[in-house]
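Below is one structure; the comments refer to it alone.
The values are calculated or read from the model by the stated rules, or taken from the named source; none is laboratory data. Just so you know, these numbers come straight off a predicted model, no measurement behind them. Ideal geometry is used to build each Cβ from the backbone, glycine not excepted, and the neighbour counts take in all protein chains shown. With ligands, DNA and RNA removed, areas are computed over all heavy atoms of the protein, side chains included. Shrake-Rupley method; radii C 1.70, N 1.55, O 1.52, S 1.80 Å.
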Amino acid sequence: MEIAVCVTLVPDTASVIGFRDGALDTSRISEVLNPYDEYALEEALLMRERQGDATVRVFSVAPASKKPLLQKALAMGADRLVIVEGPESCDPWQTASILREAFRAVYGEAVPELVLCGRESTDFRSGEVPGMLATLLGVPSLSGVTKLEAAPDGTLRLEREIEGGLERFEARLPILLSAEKGLNTPRKTSMKGVMEARKKPVEVLSARDVPEPRVSLESLRPAERHKECRMAGDVRELVRLLRKGEVL
Amino acid sequence: MGRHLVFLEQREGRLKDASLDLLSRVREMAGLRGEGPIAAVLAGPVDEGMLPAAAGTLYHAADPSLGLYGREPYAALVEEAVRREGAAEVYFAEGALSADLAPLLSVRLRAALLGGCGGPDGCLRPVYSGAALAGFRPDAEIRIHSVASSAGRQERGGGEPMRVVELPVSAGADPGPVLRELVMRVGLADVGEARVVVAGGRGVGGAEGFRLLEELASLLGGAVGASRAAVDLGWRPHAEQVGQTGRSVSADLYIACGVSGAVQHLAGIARAGTVVAINTDPHAPIFAVADYGFVADLHTALPAFIEAVRELRK
Ligand SMILES: Cc1cc2nc3c(=O)[nH]c(=O)nc-3n(C[C@H](O)[C@H](O)[C@H](O)COP(=O)(O)OP(=O)(O)OC[C@H]3O[C@@H](n4cnc5c(N)ncnc54)[C@H](O)[C@@H]3O)c2cc1C
């Protein structure tokens, strides 16, 4: 069984997102695997453990220089890593198209039985690449999965949260799923895992025939979040302030 | 033929408020630009008297088989409505459905997908945990907008019901995942949709302590939210988590109790209206993004606050 996991790198949320001369100051940003992608990878590893005979291949559109960071996926237990170098872009359509081509380069016309992605990347939060990739691959998909159970007959039972409730689905392979927090608890990397990761195969491809972007970044500016906080001395004053502000 | 087409979402026969708000916003925008009337598309049967009042055409596939969400049949329906209407701008209220359906449609329609936009007019979205605001420019003949709801009520406006055009169901070859069961929570509102959210963090001290927050939330007709710490400790379900790896709120009033205000938490409240913070630590970062603050132990402050609100409601 072939399992593909698509991952990306995002700024560590602990790092300072600052601006210098009107542009994002990247000097103080350190990158990590997108947290949602760790849920996706963990689910792939669980599936491999259940299946026995499965290969987990991780794909990432990133510069080859990011290999050391992406190797974390191998340290967690993935079998192979494919890095696809492409133009720097924040257009999900371009990213999905590049991934589609990379799948073709690796799998030919066949499509992996299971493709897992994170629900969204925590930097731009578009959450669009998984659904676009599924459509390009011609496989069904479901976004934001919080529970996955594989029945012996191959049926998948899936759950996802919606506004005010949850949905339970039944599906079959092949399928592309995007992972939501709650799906599982990603394993930690061990020293042994890190050592082994260095010996695992890493392929570097370069994206060709990248389509024109359909959405581009027009502006990026710091958000003004600071507010003038009016402090209340006791509950009565709090209520009075809130009434005055027409909040209550 | 209208330029603007709004997808209306129903669950269990009821149209979602977020969809109706969006319809009003798009109608108002189209009116101002002289581009009305607008059109809408709806999958599945709805209760009597639910159809919105707005000039324009409603493409409706009322077949009961569309009552529950299905990616392929819903996509086929929207494609058909876009084609018949010749629409160039398609709108979804951002949520679980748009997250699943809009990317698929954007590929099929060769459309630019503008996700998580602040309004139907232009696309601004908080990025990098809310530290920055990004503007996006589409470049395609058809544009799909998934619009986040935001603080502030929308006037619905009355008038004639829409002109209904019945559409048949066109089932695709492979329906994909089949929705077997929809389980709606009863009781409190949804944290992402509620007008008032009472959120608790580690400072609440345990699952029991959230009773107070529930009481205040139900008194204000709102929802309970939680920090990741509170969720990871098992005090609240993940569906209530607010923040970068949780939900984004669009409440007019956000009351944070025992929440420190970590950047990842603040990512979820970038679009909230008034923020009130109750915290024992006067230096908690939450106060820097709050409109009103009260340095106090929530276990004594909340009961008194609840009492005061009760008095007001009398
Ligand atoms: C990748 C990543 C993603 C994350 N995503 C999210 C997310 O989506 N949402 C989220 O919330 N967090 C998220 N976090 C976690 C975040 O960094 C914080 O750890 C978390 O928000 C802290 O929760 P808290 O404010 O409840 O707890 P704490 O930071 O421990 O704060 C508790 C607060 O309660 C106050 N307090 C204590 N006792 C009382 C009392 N009796 N009365 C009043 N106040 C009291 C304290 O003064 C303190 O300010 C994420 C972290 C990472 C690394």
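Quick notes on this one:
- Checking each residue of the range A:15-38 against the condition of being surrounded by fewer than 21 Cβ atoms within 10 Å (Cβ to Cβ), in contact (Cβ under 8 Å) with a residue 40 or more places away in the chain and more than 14 Å from chain B (Cβ to nearest Cβ) gives no match.
- The range B:218-239, residues that are touching a helix residue (DSSP H, G or I) at 6+ places or on another chain (Cβ under 8 Å), open to solvent by 30 Å² or more (accessible area, probe 1.4 Å) and over 23 Å from A:Asp12 (Cα atoms): B:Leu219, B:Trp235, B:Arg236, B:Pro237
- Members of the range B:245-283 found to be surrounded by fewer than 24 Cβ atoms within 10 Å (Cβ to Cβ), within 7 Å of the ligand (Cβ to nearest atom) and part of a loop (DSSP other than H, G, I, E, B), listed by number: B:Thr245, B:Ser260, B:Gly261, B:Ala262, B:Thr280, B:Asp281
- Qualifying residue in the range B:226-233 (condition: away from the ligand (no atom under 13 Å from the Cβ) and more than 13 Å from chain A (Cβ to nearest Cβ)): no
- Test: residue in the range A:31-50 that is among the small types (Gly, Ala, Ser) and at pLDDT below 95: no
- Scanning the range B:98-115 for residues that are touching a strand residue (DSSP E or B) at 6+ places or on another chain (Cβ under 8 Å) and either at the interface with another protein chain (Cβ under 7 Å from one of its Cβ atoms) or not in a helix (DSSP H, G or I) (or both) turns up B:Ala99, B:Asp100, B:Pro103, B:Leu104, B:Ser106, B:Leu109, B:Ala111, B:Ala112, B:Leu113, B:Leu114, B:Gly115.
- Matching residues, the range B:21-45, being among the aliphatic types (A, V, I, L, M) and surrounded by fewer than 20 Cβ atoms within 10 Å (Cβ to Cβ): B:Met29, B:Leu32
- Looking at the range A:139-248, the strands (runs of 3 or more DSSP E) lying wholly inside it that each contain 2 or more residues that are open to solvent by 20 Å² or more (accessible area, probe 1.4 Å), of a type in the set (Gly, Ala, Ser) and out of contact with any helix residue (DSSP H, G or I) (no Cβ under 7 Å at 6 or more places or on another chain) sit at A:215-222.
- Checklist (1) in contact (Cβ under 8 Å) with a residue 60 or more places away in the chain; (2) in contact with a Gly (Cβ under 9 Å, 6 or more places away or on another chain); (3) at the interface with chain B (Cβ under 7 Å from one of its Cβ atoms) applied to A:Pro140, failing item: (1)
- From the options B:Ala99, B:Ala62, residue that is within 30 Å of A:Ala171 (Cα to Cα), open to solvent by 10 Å² or more (accessible area, probe 1.4 Å) and over 21 Å from the mean Cα position of the chain (by Cα): B:Ala62
- Output for the range B:214-225, where each listed residue is more than 10 Å from the ligand (Cβ to nearest atom) and free of Cβ contacts under 8 Å to residues at least 60 places away in the same chain: B:Glu214, B:Ala217, B:Ser218, B:Gly221, B:Gly222, B:Ala223, B:Val224
- Of all the listed residues (B:Tyr74, B:Tyr59), the sole one being within 14 Å of chain A (Cβ to nearest Cβ) and either farther than 20 Å from A:Glu163 by Cα or modelled with pLDDT of 95 or more (or both) is B:Tyr74.
- When the range B:284-297 is filtered for residues that are more than 24 Å from A:Ile17 (Cβ to Cβ), open to solvent by 10 Å² or more (accessible area, probe 1.4 Å) and within 12 Å of the ligand (Cβ to nearest atom), the ones remaining, listed by number, are B:Phe294, B:Val295, B:Ala296, B:Asp297.
- Here B:Val204 clears all of (1) within 26 Å of A:Arg119 (Cβ to Cβ); (2) open to solvent by less than 10 Å² (accessible area, probe 1.4 Å); (3) in contact with a strand residue (DSSP E or B) (Cβ under 8 Å, 6 or more places away or on another chain) except the condition numbered (1).
- Test: B:Ala148 is open to solvent by less than 10 Å² (accessible area, probe 1.4 Å), within 30 Å of A:Ser15 (Cα to Cα) and without any contact (Cβ under 8 Å) to a residue 40 or more places away in the chain: no
- Considering only residues in the range A:8-50 that are in a helix (DSSP H, G or I) and among the aliphatic types (A, V, I, L, M), the one that is nearest to A:Ile83 (Cα to Cα) turns out to be A:Leu41.
- Scan the range B:253-272 for residues that are more than 14 Å from A:Arg225 (Cβ to Cβ) and either of a type in the set (D, E, K, R) or within 11 Å of chain A (Cβ to nearest Cβ) (or both) and the total you get is 2.
- Residues in the range A:105-124 that are within 16 Å of the ligand (Cβ to nearest atom), under 13 Å from A:Leu176 (Cβ atoms) and part of a loop (DSSP other than H, G, I, E, B): A:Arg119 only.
- Residues that are facing chain A (nearest Cβ under 8 Å) and not charged (D, E, K, R) within the range B:282-295 comprise B:Phe287, B:Ala288, B:Val289, B:Ala290, B:Tyr292, B:Gly293, B:Phe294, B:Val295, listed in sequence order.
- Listed by first and then second residue, the pairs linking a residue in the range B:290-314 that is assigned to a strand (DSSP E or B) and modelled with pLDDT of 95 or more to a residue that is open to solvent by 80 Å² or more (accessible area, probe 1.4 Å) and within 12 Å of the ligand (Cβ to nearest atom), with Cβ atoms under 9 Å apart and 6 or more places separating them unless they lie on different chains, are B:Val295/B:Thr280.
- Residues of the range A:125-138 satisfying the condition of being open to solvent by 20 Å² or more (accessible area, probe 1.4 Å), in a loop (DSSP other than H, G, I, E, B) and at negative phi: A:Ser126
- For the range B:77-88, the count of residues that are touching a residue at least 12 places away in the same chain (Cβ under 8 Å), open to solvent by 20 Å² or more (accessible area, probe 1.4 Å) and of a type in the set (A, V, I, L, M) is zero.
- Selection within the range B:234-244 - within 8 Å of the ligand (Cβ to nearest atom) and at pLDDT 95 or above: B:Gln241, B:Val242, B:Gly243
- Beta carbons closer than 8 Å, at least 6 apart along the sequence or on distinct chains, never pair a first residue in the range B:202-213 that is more than 9 Å from B:Trp235 (Cβ to Cβ) with a second that is near the ligand (Cβ under 7 Å from one of its atoms) and of a type in the set (Lys, Arg).
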